[in-house]
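Notes follow once the structure below has been shown.
Please treat every number below as a calculation from the coordinates, not as lab data. Source: prediction; values computed, not measured. We place every Cβ from the backbone using ideal geometry, glycine too, and count neighbours over all the protein chains shown.
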Amino acid sequence: MIASASGPEEPFALGVCYYPEQWPAERWPAYAQQMRALGLTYVRIAEFAWSLIEPEPGRYDWAWLDAAIDLLAAAGLRVVLCTPTAAPPAWLVQAHPEILPWDRAGRPRTFGSRRHYDPASPVYRAHSRRITTALATRYGTHPAVAGWQTDNEFGDHDTARSYSPAARDAFRLWLAERYETVADLNAAWGTVFWSQQYSDFDQIDLPNLSVAEPNPAHALDFYRFSSDMLARFHDEQIAILRRLSPGRWITHNFMRLQHDFDHYQVAHNLDFAAWDSYPTGAVEYSSLSTSDKRRFARTGEPDLIGFNHDLYYGVGGGRPFWVMEQQAGQINWAPSNALPAAGAVALWTAQAWAHGANVVSYFRWRAATVAQEALHSGLLRHDETLDRGGEEVAALDTSAWDTAPLQREFALLHDYACLWAYDEQPHSAAASYWEQVMLFYRALRSLGVDVAVRHADSDLSGYRLIVAPALTIVDEARATHLARYAPSAHIVFGPRAGSRTPSGNIHPSGQPGPLADLLGCRLRNFDGLPPWLSVEVDAYTVTTWAESYQLAGGTALHTYSSGPLSGQPAVVRHGGVTTIGAWCAELVRDLLASELQQLGIPTLDLPMGVRVSRRGQSTLWQNFTPELVTLPDGTTLAPVSYRLDSTRS
């Protein structure tokens, strides 16, 4: 890896996503000059340009791309060049239909949009290496090329997992490598249940067309396999770029709460992570109440945005990240697409910086006049006049936004295999891994503390509070790893902690498996609550999920006061470790506030929509609400705005 671009030695920078191929070439010089005048530094290009780069098999047309890059360079702009593999051309699909992905219903997906490839296809992998080599050979040492974006938005449109014949064949080989013998696979999957035993790896199909739900261990391994295929596909591109484009950084633009592959695994060879932030779309697809969706329809809900910023800082190895695509106006792909409030684009930019972004790049330069994104905004309107978002970008003053690495005292643990195991058997209609994680994340952010999102097996030295909201999969190694930090940090576990083995089965000793000594309790009962049913814990109302414990050295802090768990412990304390079994936002928040108080950490009482973030010697106050708000220091903050306070001398 090389040093992250726009690191502490470089100022915070802005960029834009640009598609020169979609506009007349005579407009390109003016666009480049206008980008520079707007204060932009980086320009991302070519992620969907394969059919223009290679209009026929083996025949490359570089002239247009040469001209576009040279014009951007002449204007003093730095180019982010993309491998164009997210959109293979029609001639390749016609020649090799076996590269297409298949959906969960067992049907091939067709040409006509994007992401129409199967990362398990050896044919497509070969063509991916070929086009990446050609592009990197041509531009790998071009002085204007600052770095690379691989592909585009892995997993978008439900494409991380393919149910194709190629995937089936590769899955069988993957299982044979993982288990070596069918007997070991049968034991790991528990195939004695429902007469599912196999005598040959070639008998194993993909877990998508079974009559009832598939074996969860079978599904979990398929999810691991799919993630492995994507990681191998990705690593092949990265290796080529490293060889042919020395000294340039490499990143990928991940997506909001994308759950179908292990991002840590796929990102491990990148210089830093990037992600694409569309706050109003996140609200549309969220589980927020109707009133909260109405409240944040034009601004986005800050924790839905902030969590992803913190996640990708962690996915990138604890290094500053990029927002590669920042919403700059209305989008086109949600069920409804409200126009953002005045000030929202500037607020989103400032929030990203405060959470560790070194670059924010806006999507897109000019609003498209054709095809699927014709109703999506750009910095320029269709008629080339500056749109509302472009005006806010032009007015930004980022001179005080230093790019210091983040300093955080509180870690929230995260793991994709835990997500897959959780969501395969949620047991309650309203329960999901992301919802449970956000329950704890929102509580911490509402108390005014900054949060580092870290993989569960990462180095957690130096954190004073470690929160594990949904750490379902725990083996002896992970339990030992976490116990190592208990003497120096407070640790808080959420429901279902340690409930599963790495195979996705329940521990023979029950939940929390090898965490029992650390938690000082064992699971007694669990209650998957439908939306119309709740139970009480003291004065708190619990919905969605409730679990009670048998004490094994720990002390009950709260007990259930209604329902079938009445009188049983809901929250257990064992030394510096707290286990919370009740799904209740107020209870979780109060317990986390108590943990922080014991650590001597001052907290705030921030309403939903008002947040504070710290970077370097600066503090950023953010108001995502449509009302004037009073901050804890007695000052006020206008609607949809931010204020930067600096302690620098």
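Evaluated with a Cβ-only charge set (Lys, Arg +1; Asp, Glu -1), the chain carries a dipole of roughly 620 debye about its Cα centre, given to the nearest 20.
Residues in region 89-97 carry Karplus couplings, in order, of x, 4, 5, 6, 5, 4, 6, 9, x Hz; the curve used is 6.51 cos²θ - 1.76 cosθ + 1.60 with θ = phi - 60°, and Gly or Pro positions show x. Is the shape of region 410-598 best called rounded, prolate or oblate, per the rule: a/c under 1.5 gives rounded, else a/b larger than b/c gives prolate, else oblate, with a ≥ b ≥ c the square roots of the Cα gyration tensor eigenvalues? Rounded, since a/c falls under 1.5. Under a 5 Å amide H cut-off, with hydrogens placed 1.01 Å from N, Asp538 pairs with Thr559, Ser561 among residues at least 5 apart or on other chains. With contacts taken as Cα pairs under 8 Å and at least 6 residues apart, region 410-598 reaches a relative contact order of 21 percent. Based on the alpha-carbon gyration tensor of the chain and its eigenvalue square roots a ≥ b ≥ c, which shape applies: rounded if a/c is under 1.5, prolate if not and a/b is larger than b/c, or oblate? It is oblate, given that a/c is not under 1.5 and a/b is not larger than b/c. Between amide H atoms placed 1.01 Å from N, distances below 5 Å from Leu604 occur with Gly448, all of them 5 or more places distant or on a separate chain. Mind jotting down the distance between the C-alpha centroids of region 78-144 and region 287-360, whole Å? The two parts, judged by their Cα centres, are 29 Å apart. Between region 202-239 and region 571-630, the alpha-carbon centres lie 38 Å apart.
Annotation: amide H-H contacts under 5 Å for Arg364 (H modelled 1.01 Å from N, sequence separation of 5 or more, or interchain): Gly378, Leu379. As a rough footprinting exposure proxy, the listed residues Trp91, Trp401 were ranked by other beta carbons within 10 Å of their own, and the order from fewest upward is Trp91, Trp401.
Look at the alpha carbon pairs under 8 Å that are at least 6 residues apart: their mean separation over the length of the chain gives a relative contact order of 11 percent. Across region 54-252, Cα pairs under 8 Å and at least six residues apart give a relative contact order of 27 percent.
Please label the shape of region 1-118 as rounded, prolate or oblate, based on the square roots a ≥ b ≥ c of the eigenvalues of the alpha-carbon gyration tensor (a/c under 1.5 means rounded; beyond that, a/b larger than b/c means prolate, else oblate). It comes out prolate by the Cα gyration axes. If only the Cβ of Lys and Arg carry +1 and only the Cβ of Asp and Glu carry -1, the dipole of region 410-598 around its Cα centre is close to 220 debye. When only the Cβ of Lys, Arg, Asp and Glu is charged (+1, +1, -1, -1), the dipole of region 151-246 relative to its Cα centre reaches about 180 debye. For region 627-639, 3J(HN,Hα) computed residue by residue from phi via the Karplus equation (6.51, -1.76, 1.60; θ = phi - 60°) reads 10, 5, 10, 9, 7, x, 7, x, 7, 10, 10, 5, x Hz, glycine and proline entered as x.
Residue by residue, region 283-296 carries 3J(HN,Hα) couplings of 5, 4, 8, 8, 9, 4, 5, 4, 5, 6, 4, 5, 5, 10 Hz when phi is fed to the Karplus relation 6.51 cos²θ - 1.76 cosθ + 1.60 (θ = phi - 60°); x denotes Gly or Pro.
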